[in-house]
Amino acid sequence: MFEKQVYVERRLKLRKKIKSGLVLILGNTESPMNYRSNTYRFRQDSNFLYFFGLDIPGLVGVIDIEDGKDCLYGTDFEIDDVIWMGPQPTLKELGERVGILSTHPLKELSSTINRAIRHGRKIHFLPPYRAENILLLEQLLGISQSMVKTYASVELIKAIVSLRSIKEDVEIAEIEKACAVGYQMHVTAMKMSKPGITEQAITGAIEGVAIAHGYMPSFPIILSQNGETLHNHDHSQTLTSGRLLLVDSGAEIDSHYASDFTRTIPVDGRFTERQKEIYNIVLAANNKAIEMAKPGIPYIDVHRASARVIAEGLINLGLMKGNPDEAVANGAHALFFPHGLGHMMGLDVHDMEDLGENFVGYDDEISRADQFGIAYLRLGRRLQKGFVITVEPGIYFIPALIQKWKSEKINESFINYPAVEAYIGFGGIRIEDDILITENGSRIIGKRVPVTVNEIEETMRG
Ligand code: GLY
Ligand code: MN
(Lines give C-alpha, C1' and ligand atoms only; values in the text may rest on other atoms or scores of the structure.)
(Ligands and ions follow the chains in the order given, each with its own letter.)
Protein backbone atom coordinates (compact mmCIF):
# COMPACT_ATOMS: atom_id res chain seq x y z
CA MET A 1 0.00 0.00 0.00
CA PHE A 2 1.00 3.64 -0.40
CA GLU A 3 1.98 6.21 2.26
CA LYS A 4 -0.99 7.28 4.39
CA GLN A 5 -0.91 10.77 2.87
CA VAL A 6 -1.96 9.33 -0.50
CA TYR A 7 -5.25 8.09 1.00
CA VAL A 8 -5.79 11.25 3.08
CA GLU A 9 -5.44 13.38 -0.04
CA ARG A 10 -7.69 11.17 -2.15
CA ARG A 11 -10.44 11.42 0.46
CA LEU A 12 -9.99 15.19 0.63
CA LYS A 13 -10.35 15.42 -3.15
CA LEU A 14 -13.49 13.30 -3.01
CA ARG A 15 -14.99 15.52 -0.29
CA LYS A 16 -14.59 18.55 -2.56
CA LYS A 17 -16.69 16.83 -5.23
CA ILE A 18 -19.61 15.73 -3.04
CA LYS A 19 -22.06 18.38 -1.87
CA SER A 20 -23.43 16.80 1.30
CA GLY A 21 -24.30 13.58 3.10
CA LEU A 22 -22.51 10.40 4.08
CA VAL A 23 -20.29 8.51 1.65
CA LEU A 24 -20.34 4.79 2.32
CA ILE A 25 -17.56 2.69 0.75
CA LEU A 26 -18.02 -1.00 1.45
CA GLY A 27 -14.97 -3.23 1.56
CA ASN A 28 -15.37 -6.85 0.50
CA THR A 29 -15.76 -9.85 2.74
CA GLU A 30 -14.31 -13.33 2.38
CA SER A 31 -16.19 -15.50 -0.11
CA PRO A 32 -16.62 -19.22 0.65
CA MET A 33 -15.84 -21.79 -2.04
CA ASN A 34 -17.53 -24.86 -0.54
CA TYR A 35 -17.84 -24.13 3.18
CA ARG A 36 -17.46 -20.97 5.24
CA SER A 37 -13.81 -21.23 6.21
CA ASN A 38 -12.58 -22.53 2.84
CA THR A 39 -12.49 -19.28 0.92
CA TYR A 40 -11.55 -17.98 -2.51
CA ARG A 41 -8.47 -15.81 -2.60
CA PHE A 42 -9.56 -12.54 -1.01
CA ARG A 43 -9.98 -9.61 -3.38
CA GLN A 44 -10.64 -6.23 -1.81
CA ASP A 45 -13.02 -3.81 -3.49
CA SER A 46 -11.05 -1.42 -5.72
CA ASN A 47 -12.84 1.74 -4.56
CA PHE A 48 -12.18 0.78 -0.95
CA LEU A 49 -8.52 0.18 -1.86
CA TYR A 50 -8.34 3.54 -3.59
CA PHE A 51 -9.65 5.60 -0.66
CA PHE A 52 -8.92 3.40 2.37
CA GLY A 53 -5.95 1.28 1.18
CA LEU A 54 -6.52 -1.63 3.57
CA ASP A 55 -6.43 -5.04 1.90
CA ILE A 56 -8.35 -6.79 4.67
CA PRO A 57 -11.87 -8.25 4.62
CA GLY A 58 -14.83 -6.96 6.63
CA LEU A 59 -14.17 -3.20 6.67
CA VAL A 60 -16.40 -0.26 5.76
CA GLY A 61 -15.27 3.31 5.19
CA VAL A 62 -17.52 6.30 5.87
CA ILE A 63 -16.79 9.86 4.82
CA ASP A 64 -19.03 12.39 6.54
CA ILE A 65 -19.12 15.41 4.27
CA GLU A 66 -20.63 17.86 6.78
CA ASP A 67 -18.66 17.02 9.91
CA GLY A 68 -15.39 16.48 8.04
CA LYS A 69 -14.66 13.08 9.60
CA ASP A 70 -13.43 9.92 7.87
CA CYS A 71 -14.35 6.77 9.80
CA LEU A 72 -13.43 3.12 9.59
CA TYR A 73 -15.83 0.40 10.73
CA GLY A 74 -14.64 -3.14 11.39
CA THR A 75 -14.29 -5.86 13.97
CA ASP A 76 -11.28 -6.29 16.21
CA PHE A 77 -9.80 -9.76 16.23
CA GLU A 78 -10.25 -11.90 19.33
CA ILE A 79 -7.91 -14.42 20.92
CA ASP A 80 -9.54 -17.30 19.00
CA ASP A 81 -8.72 -15.56 15.69
CA VAL A 82 -5.15 -14.90 16.81
CA ILE A 83 -4.65 -18.59 17.66
CA TRP A 84 -5.50 -19.57 14.07
CA MET A 85 -4.24 -16.52 12.18
CA GLY A 86 -1.30 -15.24 14.25
CA PRO A 87 -0.97 -11.72 15.71
CA GLN A 88 -3.33 -9.22 14.05
CA PRO A 89 -3.41 -5.42 14.04
CA THR A 90 -6.20 -3.66 15.92
CA LEU A 91 -8.79 -1.62 14.04
CA LYS A 92 -7.22 1.49 15.55
CA GLU A 93 -3.81 0.53 14.13
CA LEU A 94 -5.35 -0.16 10.74
CA GLY A 95 -7.02 3.26 10.78
CA GLU A 96 -3.72 4.93 11.60
CA ARG A 97 -2.08 3.32 8.54
CA VAL A 98 -4.41 5.29 6.29
CA GLY A 99 -4.75 8.46 8.34
CA ILE A 100 -8.05 7.67 10.08
CA LEU A 101 -8.46 8.38 13.80
CA SER A 102 -12.14 7.56 14.08
CA THR A 103 -12.61 3.75 14.20
CA HIS A 104 -15.78 1.95 15.30
CA PRO A 105 -17.13 -1.58 15.70
CA LEU A 106 -18.94 -2.71 12.55
CA LYS A 107 -22.10 -3.35 14.56
CA GLU A 108 -22.39 0.43 15.15
CA LEU A 109 -22.60 1.14 11.42
CA SER A 110 -26.35 0.65 11.25
CA SER A 111 -27.04 3.20 14.02
CA THR A 112 -24.80 5.74 12.22
CA ILE A 113 -26.74 5.18 9.01
CA ASN A 114 -30.12 5.25 10.78
CA ARG A 115 -29.27 8.54 12.45
CA ALA A 116 -28.28 10.06 9.10
CA ILE A 117 -31.49 8.80 7.47
CA ARG A 118 -33.60 10.23 10.35
CA HIS A 119 -31.96 13.61 9.75
CA GLY A 120 -32.84 13.39 6.08
CA ARG A 121 -29.22 13.17 4.98
CA LYS A 122 -28.23 11.61 1.67
CA ILE A 123 -26.35 8.29 1.88
CA HIS A 124 -24.07 7.93 -1.12
CA PHE A 125 -23.12 4.38 -2.04
CA LEU A 126 -21.77 2.61 -5.13
CA PRO A 127 -23.47 -0.08 -7.23
CA PRO A 128 -22.76 -3.32 -5.37
CA TYR A 129 -21.63 -6.38 -7.35
CA ARG A 130 -21.30 -8.94 -4.55
CA ALA A 131 -24.29 -10.61 -2.93
CA GLU A 132 -22.96 -9.99 0.60
CA ASN A 133 -22.81 -6.24 0.03
CA ILE A 134 -26.20 -6.14 -1.70
CA LEU A 135 -27.66 -7.77 1.41
CA LEU A 136 -25.73 -5.45 3.74
CA LEU A 137 -27.11 -2.43 1.89
CA GLU A 138 -30.61 -3.87 2.09
CA GLN A 139 -30.22 -4.19 5.88
CA LEU A 140 -28.61 -0.78 6.36
CA LEU A 141 -30.89 1.23 4.10
CA GLY A 142 -34.12 -0.73 4.09
CA ILE A 143 -34.09 -0.90 0.27
CA SER A 144 -35.13 -4.23 -1.22
CA GLN A 145 -32.10 -6.10 -2.58
CA SER A 146 -33.59 -6.14 -6.07
CA MET A 147 -33.71 -2.32 -6.06
CA VAL A 148 -30.46 -1.49 -4.26
CA LYS A 149 -28.44 -0.89 -7.44
CA THR A 150 -30.88 1.68 -8.77
CA TYR A 151 -30.31 3.87 -5.69
CA ALA A 152 -26.52 4.05 -6.17
CA SER A 153 -25.28 7.65 -6.10
CA VAL A 154 -24.56 9.04 -9.55
CA GLU A 155 -22.88 12.03 -7.90
CA LEU A 156 -20.47 9.66 -6.12
CA ILE A 157 -19.90 7.51 -9.21
CA LYS A 158 -19.00 10.54 -11.31
CA ALA A 159 -16.73 11.96 -8.62
CA ILE A 160 -14.83 8.68 -8.29
CA VAL A 161 -14.53 8.20 -12.05
CA SER A 162 -13.06 11.69 -12.38
CA LEU A 163 -10.42 10.89 -9.72
CA ARG A 164 -9.52 7.32 -10.63
CA SER A 165 -9.33 8.03 -14.39
CA ILE A 166 -6.22 10.18 -13.94
CA LYS A 167 -3.44 8.00 -12.64
CA GLU A 168 -1.07 9.44 -10.04
CA ASP A 169 2.68 8.88 -10.42
CA VAL A 170 2.62 6.29 -7.61
CA GLU A 171 -0.06 4.38 -9.49
CA ILE A 172 1.84 4.47 -12.78
CA ALA A 173 4.86 2.98 -10.99
CA GLU A 174 2.64 0.08 -9.81
CA ILE A 175 1.21 -0.46 -13.30
CA GLU A 176 4.79 -0.59 -14.62
CA LYS A 177 5.45 -3.46 -12.17
CA ALA A 178 2.30 -5.27 -13.30
CA CYS A 179 3.40 -4.85 -16.92
CA ALA A 180 6.85 -6.27 -16.18
CA VAL A 181 5.23 -9.45 -14.87
CA GLY A 182 2.79 -9.51 -17.79
CA TYR A 183 5.82 -9.35 -20.08
CA GLN A 184 7.31 -12.43 -18.38
CA MET A 185 4.01 -14.28 -18.70
CA HIS A 186 3.86 -13.68 -22.45
CA VAL A 187 7.50 -14.48 -23.14
CA THR A 188 7.08 -17.71 -21.16
CA ALA A 189 4.11 -18.65 -23.38
CA MET A 190 6.16 -17.87 -26.51
CA LYS A 191 9.04 -20.05 -25.34
CA MET A 192 6.79 -22.97 -24.37
CA SER A 193 4.65 -23.06 -27.48
CA LYS A 194 5.29 -26.02 -29.79
CA PRO A 195 3.23 -28.79 -31.37
CA GLY A 196 2.25 -31.46 -28.84
CA ILE A 197 2.09 -29.30 -25.70
CA THR A 198 -1.36 -28.59 -24.28
CA GLU A 199 -2.96 -25.17 -23.97
CA GLN A 200 -3.53 -26.00 -20.31
CA ALA A 201 0.19 -26.60 -19.66
CA ILE A 202 1.01 -23.13 -20.99
CA THR A 203 -1.92 -21.56 -19.15
CA GLY A 204 -0.78 -23.13 -15.88
CA ALA A 205 2.81 -22.07 -16.40
CA ILE A 206 2.01 -18.43 -17.08
CA GLU A 207 -0.49 -18.27 -14.22
CA GLY A 208 2.39 -19.69 -12.17
CA VAL A 209 4.64 -16.80 -13.26
CA ALA A 210 2.19 -14.38 -11.62
CA ILE A 211 1.63 -16.56 -8.58
CA ALA A 212 5.35 -17.15 -8.00
CA HIS A 213 5.65 -13.39 -7.46
CA GLY A 214 2.81 -13.54 -4.93
CA TYR A 215 0.54 -11.98 -7.55
CA MET A 216 -2.28 -13.40 -9.63
CA PRO A 217 -3.62 -13.06 -13.16
CA SER A 218 -5.60 -9.84 -13.58
CA PHE A 219 -8.47 -11.89 -15.10
CA PRO A 220 -8.96 -15.55 -16.01
CA ILE A 221 -6.38 -16.30 -18.71
CA ILE A 222 -7.59 -16.40 -22.31
CA LEU A 223 -5.35 -18.83 -24.20
CA SER A 224 -6.53 -20.82 -27.17
CA GLN A 225 -5.81 -21.89 -30.70
CA ASN A 226 -9.43 -20.85 -31.31
CA GLY A 227 -8.59 -17.21 -30.95
CA GLU A 228 -11.69 -16.31 -32.95
CA THR A 229 -13.69 -16.88 -29.74
CA LEU A 230 -12.98 -13.51 -28.14
CA HIS A 231 -12.83 -14.60 -24.50
CA ASN A 232 -11.91 -18.26 -24.79
CA HIS A 233 -11.27 -19.84 -21.39
CA ASP A 234 -11.24 -23.38 -22.76
CA HIS A 235 -7.70 -24.74 -22.62
CA SER A 236 -8.41 -28.35 -23.52
CA GLN A 237 -6.63 -28.61 -26.87
CA THR A 238 -3.19 -29.82 -27.79
CA LEU A 239 -1.15 -27.44 -29.93
CA THR A 240 -1.04 -28.39 -33.58
CA SER A 241 1.50 -27.43 -36.21
CA GLY A 242 0.34 -24.64 -38.50
CA ARG A 243 -2.16 -23.08 -36.10
CA LEU A 244 -2.08 -19.78 -34.24
CA LEU A 245 -2.24 -19.44 -30.45
CA LEU A 246 -3.90 -16.37 -28.96
CA VAL A 247 -2.76 -15.46 -25.43
CA ASP A 248 -4.58 -12.65 -23.58
CA SER A 249 -3.33 -12.30 -20.03
CA GLY A 250 -1.82 -9.98 -17.48
CA ALA A 251 -0.82 -9.78 -13.86
CA GLU A 252 -2.50 -8.16 -10.89
CA ILE A 253 0.24 -7.31 -8.41
CA ASP A 254 0.01 -7.12 -4.59
CA SER A 255 -1.21 -3.51 -4.70
CA HIS A 256 -3.87 -4.80 -7.16
CA TYR A 257 -2.80 -2.73 -10.17
CA ALA A 258 -3.17 -4.67 -13.42
CA SER A 259 -1.59 -5.32 -16.78
CA ASP A 260 -3.38 -6.74 -19.81
CA PHE A 261 -1.57 -7.87 -22.96
CA THR A 262 -2.53 -9.98 -25.95
CA ARG A 263 -0.16 -11.65 -28.34
CA THR A 264 -0.95 -14.11 -31.10
CA ILE A 265 1.85 -16.47 -32.03
CA PRO A 266 2.39 -19.32 -34.50
CA VAL A 267 2.40 -22.67 -32.69
CA ASP A 268 5.61 -23.82 -34.32
CA GLY A 269 7.51 -20.57 -34.12
CA ARG A 270 7.14 -19.42 -37.72
CA PHE A 271 4.20 -17.56 -39.21
CA THR A 272 2.93 -18.77 -42.57
CA GLU A 273 2.65 -16.16 -45.32
CA ARG A 274 -1.13 -16.09 -44.93
CA GLN A 275 -0.84 -15.61 -41.16
CA LYS A 276 1.77 -12.87 -41.62
CA GLU A 277 -0.52 -10.93 -43.97
CA ILE A 278 -3.36 -10.80 -41.44
CA TYR A 279 -0.98 -10.31 -38.50
CA ASN A 280 0.65 -7.27 -40.05
CA ILE A 281 -2.73 -5.62 -40.65
CA VAL A 282 -3.61 -6.02 -36.97
CA LEU A 283 -0.20 -4.72 -35.94
CA ALA A 284 -0.62 -1.70 -38.23
CA ALA A 285 -4.04 -1.03 -36.63
CA ASN A 286 -2.48 -1.27 -33.17
CA ASN A 287 0.45 1.02 -34.07
CA LYS A 288 -1.89 3.53 -35.71
CA ALA A 289 -3.96 3.74 -32.51
CA ILE A 290 -0.90 4.21 -30.29
CA GLU A 291 0.41 6.88 -32.65
CA MET A 292 -2.91 8.77 -32.56
CA ALA A 293 -3.61 8.49 -28.82
CA LYS A 294 -3.08 11.85 -27.12
CA PRO A 295 -4.93 14.25 -24.85
CA GLY A 296 -8.07 15.68 -26.43
CA ILE A 297 -8.75 13.02 -29.06
CA PRO A 298 -11.95 10.99 -28.58
CA TYR A 299 -11.03 7.31 -28.25
CA ILE A 300 -14.01 6.50 -30.45
CA ASP A 301 -12.18 8.33 -33.28
CA VAL A 302 -9.06 6.28 -32.59
CA HIS A 303 -11.21 3.13 -32.72
CA ARG A 304 -12.58 4.18 -36.13
CA ALA A 305 -9.10 4.99 -37.48
CA SER A 306 -7.87 1.60 -36.33
CA ALA A 307 -10.92 -0.05 -37.97
CA ARG A 308 -10.06 1.80 -41.16
CA VAL A 309 -6.56 0.31 -41.19
CA ILE A 310 -8.19 -3.12 -40.86
CA ALA A 311 -10.70 -2.43 -43.64
CA GLU A 312 -8.00 -1.11 -45.96
CA GLY A 313 -5.75 -4.10 -45.27
CA LEU A 314 -8.58 -6.57 -45.90
CA ILE A 315 -9.55 -4.76 -49.11
CA ASN A 316 -5.95 -5.11 -50.31
CA LEU A 317 -6.13 -8.84 -49.55
CA GLY A 318 -9.42 -9.19 -51.42
CA LEU A 319 -11.46 -10.15 -48.34
CA MET A 320 -13.29 -6.82 -48.34
CA LYS A 321 -14.10 -4.52 -51.22
CA GLY A 322 -15.16 -0.94 -51.94
CA ASN A 323 -14.13 2.24 -50.22
CA PRO A 324 -12.57 1.75 -46.74
CA ASP A 325 -14.18 4.89 -45.25
CA GLU A 326 -17.61 3.81 -46.44
CA ALA A 327 -16.98 0.26 -45.22
CA VAL A 328 -16.13 1.54 -41.72
CA ALA A 329 -19.08 3.97 -41.72
CA ASN A 330 -21.35 1.02 -42.48
CA GLY A 331 -19.71 -1.17 -39.84
CA ALA A 332 -18.58 -3.77 -42.40
CA HIS A 333 -15.16 -4.20 -40.72
CA ALA A 334 -17.02 -5.49 -37.63
CA LEU A 335 -17.42 -8.88 -39.28
CA PHE A 336 -13.70 -9.24 -38.55
CA PHE A 337 -13.26 -6.77 -35.67
CA PRO A 338 -16.47 -7.10 -33.65
CA HIS A 339 -15.26 -5.50 -30.38
CA GLY A 340 -13.94 -2.23 -29.02
CA LEU A 341 -10.39 -0.92 -29.33
CA GLY A 342 -9.78 -0.82 -25.59
CA HIS A 343 -10.63 0.17 -22.05
CA MET A 344 -9.24 1.96 -19.03
CA MET A 345 -6.92 -0.05 -16.81
CA GLY A 346 -5.78 0.48 -13.23
CA LEU A 347 -6.92 -1.15 -10.00
CA ASP A 348 -9.27 -3.20 -12.17
CA VAL A 349 -8.23 -4.65 -15.49
CA HIS A 350 -11.41 -3.06 -16.90
CA ASP A 351 -11.00 -0.10 -14.63
CA MET A 352 -14.09 0.93 -12.66
CA GLU A 353 -16.40 -1.29 -14.69
CA ASP A 354 -18.37 -1.90 -11.45
CA LEU A 355 -19.33 1.79 -11.51
CA GLY A 356 -20.97 1.45 -14.94
CA GLU A 357 -19.20 1.40 -18.30
CA ASN A 358 -21.04 4.42 -19.62
CA PHE A 359 -19.94 6.60 -16.68
CA VAL A 360 -16.34 5.49 -17.18
CA GLY A 361 -16.06 5.45 -20.96
CA TYR A 362 -18.58 8.05 -22.12
CA ASP A 363 -19.81 11.48 -21.06
CA ASP A 364 -22.26 14.27 -21.96
CA GLU A 365 -20.35 14.93 -25.16
CA ILE A 366 -19.71 11.41 -26.49
CA SER A 367 -22.21 8.63 -26.07
CA ARG A 368 -22.00 4.97 -27.02
CA ALA A 369 -22.66 4.14 -30.67
CA ASP A 370 -25.37 1.56 -31.34
CA GLN A 371 -23.81 -0.06 -34.43
CA PHE A 372 -22.71 -3.70 -34.12
CA GLY A 373 -19.04 -3.88 -33.14
CA ILE A 374 -18.36 -0.31 -32.06
CA ALA A 375 -21.24 -0.66 -29.57
CA TYR A 376 -18.88 -2.88 -27.54
CA LEU A 377 -16.33 -0.07 -27.23
CA ARG A 378 -15.87 0.43 -23.48
CA LEU A 379 -14.06 3.78 -23.77
CA GLY A 380 -15.17 6.39 -26.30
CA ARG A 381 -14.62 9.75 -24.63
CA ARG A 382 -11.76 12.19 -25.12
CA LEU A 383 -8.43 11.02 -23.73
CA GLN A 384 -6.71 12.98 -21.00
CA LYS A 385 -3.14 13.09 -19.71
CA GLY A 386 -2.82 10.42 -17.03
CA PHE A 387 -5.29 7.93 -18.53
CA VAL A 388 -3.98 4.36 -18.70
CA ILE A 389 -5.73 2.42 -21.45
CA THR A 390 -5.44 -0.68 -23.55
CA VAL A 391 -5.11 -0.76 -27.34
CA GLU A 392 -6.35 -4.10 -28.64
CA PRO A 393 -7.53 -4.37 -32.23
CA GLY A 394 -8.05 -7.77 -33.80
CA ILE A 395 -9.10 -9.70 -36.89
CA TYR A 396 -11.12 -12.86 -36.34
CA PHE A 397 -12.78 -15.39 -38.61
CA ILE A 398 -15.85 -16.40 -36.60
CA PRO A 399 -17.67 -19.15 -38.54
CA ALA A 400 -21.12 -18.49 -37.04
CA LEU A 401 -20.88 -14.74 -37.67
CA ILE A 402 -19.65 -15.20 -41.24
CA GLN A 403 -22.55 -17.60 -41.96
CA LYS A 404 -25.09 -15.26 -40.38
CA TRP A 405 -23.93 -12.17 -42.27
CA LYS A 406 -23.65 -14.09 -45.52
CA SER A 407 -27.12 -15.60 -45.27
CA GLU A 408 -28.63 -12.24 -44.30
CA LYS A 409 -26.62 -10.48 -47.03
CA ILE A 410 -25.23 -8.01 -44.48
CA ASN A 411 -22.77 -5.50 -45.95
CA GLU A 412 -22.64 -7.54 -49.14
CA SER A 413 -21.19 -4.66 -51.08
CA PHE A 414 -18.14 -4.54 -48.78
CA ILE A 415 -17.49 -8.23 -48.07
CA ASN A 416 -16.14 -10.77 -50.52
CA TYR A 417 -17.90 -13.74 -48.92
CA PRO A 418 -16.36 -16.57 -51.02
CA ALA A 419 -12.85 -15.29 -50.19
CA VAL A 420 -13.74 -14.93 -46.51
CA GLU A 421 -15.12 -18.48 -46.32
CA ALA A 422 -11.71 -19.77 -47.38
CA TYR A 423 -10.37 -18.37 -44.07
CA ILE A 424 -12.74 -20.36 -41.84
CA GLY A 425 -10.47 -22.29 -39.48
CA PHE A 426 -7.79 -19.56 -39.55
CA GLY A 427 -8.63 -18.53 -35.97
CA GLY A 428 -8.20 -14.97 -34.74
CA ILE A 429 -5.46 -12.45 -34.10
CA ARG A 430 -5.51 -9.77 -31.40
CA ILE A 431 -2.58 -7.57 -30.37
CA GLU A 432 -2.95 -5.65 -27.10
CA ASP A 433 -0.66 -3.14 -25.41
CA ASP A 434 -1.11 -0.92 -22.37
CA ILE A 435 -0.40 2.78 -22.81
CA LEU A 436 -0.21 5.94 -20.71
CA ILE A 437 -1.54 9.16 -22.15
CA THR A 438 1.21 11.75 -21.75
CA GLU A 439 1.39 15.54 -22.20
CA ASN A 440 1.53 15.35 -26.00
CA GLY A 441 0.89 11.77 -26.96
CA SER A 442 1.21 8.38 -25.37
CA ARG A 443 3.80 5.84 -24.36
CA ILE A 444 3.73 2.08 -24.03
CA ILE A 445 3.99 1.11 -20.38
CA GLY A 446 7.00 -1.07 -19.65
CA LYS A 447 9.10 -2.89 -22.21
CA ARG A 448 6.93 -3.80 -25.19
CA VAL A 449 6.22 -7.52 -25.33
CA PRO A 450 7.77 -8.90 -28.57
CA VAL A 451 5.29 -7.84 -31.23
CA THR A 452 6.69 -7.84 -34.76
CA VAL A 453 6.80 -11.06 -36.76
CA ASN A 454 10.60 -11.09 -36.40
CA GLU A 455 10.60 -10.35 -32.68
CA ILE A 456 8.09 -13.11 -31.99
CA GLU A 457 9.87 -15.67 -34.17
CA GLU A 458 13.20 -14.78 -32.56
CA THR A 459 11.78 -15.08 -29.03
CA MET A 460 10.23 -18.41 -29.88
CA ARG A 461 13.53 -19.68 -31.26
CA GLY A 462 14.88 -18.94 -27.77
N1 GLY B 1 -8.08 -8.77 -21.84
C2 GLY B 1 -9.44 -9.08 -21.64
C3 GLY B 1 -10.31 -7.93 -21.91
O4 GLY B 1 -9.87 -6.84 -22.08
O5 GLY B 1 -11.52 -8.07 -21.92
MN1 MN C 1 -8.03 -5.80 -22.53
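Using the Cβ-Cβ distance between residue 38 and residue 364 with R0 set to 56 Å, the FRET efficiency from 1/(1 + (r/R0)^6) comes to roughly 0.75.
Each helix, a run of at least 4 DSSP H residues, gives -39500 (n - 2.57); summed and divided by the residues of the chain, these come to -11500 deg cm²/dmol at 222 nm. Quote the FRET efficiency, to the nearest 0.05, computed for residue 230 versus residue 88 with a Förster distance R0 of 41 Å and r equal to the Cβ-Cβ distance. In this case the efficiency is close to 0.45. Proximity of backbone amide H atoms, modeled 1.01 Å from N, is registered between residue 59 and 27, 28 at under 5 Å, excluding neighbours fewer than 5 places apart on the same chain. The label-point distance for residue 273 and residue 323, in a model that sets each label 7 Å from Cα toward Cβ, rounds to 3.3 nm. Highest mean packing first, where packing is the average number of other Cβ atoms within 10 Å per residue, the peptides 307-315, 31-39 line up as 307-315, 31-39. Of all lysines in the structure, those lying under 17 Å Cα to Cα from residue 16, and not within fewer than 8 positions of it along the same chain, are 69, 122, 158. When the residues 292, 320 are ordered by accessible surface, computed with a 1.4 Å probe over the protein chains alone, the sequence from largest down reads 292, 320. Annotation: extensible slack from residue 110 through residue 419 equals 104.7 nm (criterion: 0.36 nm per residue apart, minus Cα-Cα distance). Around the amide H of residue 261, modelled in the peptide plane, lie the amide H atoms of 249, 250, all under 5 Å away and 5 or more residues distant in sequence or on another chain.
Taking the average, over residues, of other Cβ atoms within 10 Å as the packing measure, peptides 252-261, 439-448, 326-335 rank 252-261, 326-335, 439-448 from highest down. Legend: residue pairs 288/321; 19/385; 149/294; 191/276; 294/406, Cα-Cα distance threshold 30 Å; pairs beyond threshold, 149/294; 294/406. Multiplying the residue separation of residue 31 and residue 158 by 0.36 nm and subtracting their alpha-carbon distance yields 42.9 nm. Whole-Hz Karplus values for the stretch 257-264 come out as 6, 10, 10, 7, 10, 10, 10, 10 Hz, taken residue by residue from phi with 6.51 cos²θ - 1.76 cosθ + 1.60 and θ = phi - 60°; glycine and proline positions read x.
Give the aspartates and glutamates whose C-alpha is closer than 19 Å to that of residue 17, dropping any in the same chain fewer than 8 places away, or say none. Reachable aspartates and glutamates: 9, 64, 66, 67, 70, 155, 168, 363, 364. Computed from the alpha carbon atoms alone, the convex hull of the chain holds 161 Å³ per residue.
A Förster distance of 22 Å, applied to the separation of the beta-carbon atoms of residue 440 and residue 316, puts the FRET efficiency at 0.10.
Apolar share of the accessible surface for the chain: 52 percent from carbon plus sulfur atoms, 1.4 Å probe. One Cα centroid belongs to the stretch 1-46, the other to the stretch 86-162; the line between them spans 9 Å.
Name all residues of the stretch 413-435 having a backbone nitrogen under 19 Å from the label point set 7 Å from the Cα of residue 240 along its Cα→Cβ direction, giving them as ranges. Backbone N within reach: 421-429. The length gained on full extension between residue 372 and residue 76, counted as 0.36 nm times the residue separation minus their Cα-Cα distance, comes to 101.4 nm. Taking amide H atoms as placed 1.01 Å from N in the peptide plane, the amide H of residue 102 lies under 5 Å from those of 72, each 5 or more residues away in sequence or on another chain.
The values are calculated or read from the model by the stated rules, or taken from the named source; none is laboratory data. Bear in mind that the values here come from a model prediction, so they are computed numbers and not experimental data. Note that each Cβ is placed from the backbone with ideal geometry, even for glycine, and that neighbours are counted across all protein chains shown. Surface areas here come from the heavy atoms of the whole protein model, side chains and all, with no ligands, DNA or RNA. Shrake-Rupley method; radii C 1.70, N 1.55, O 1.52, S 1.80 Å.
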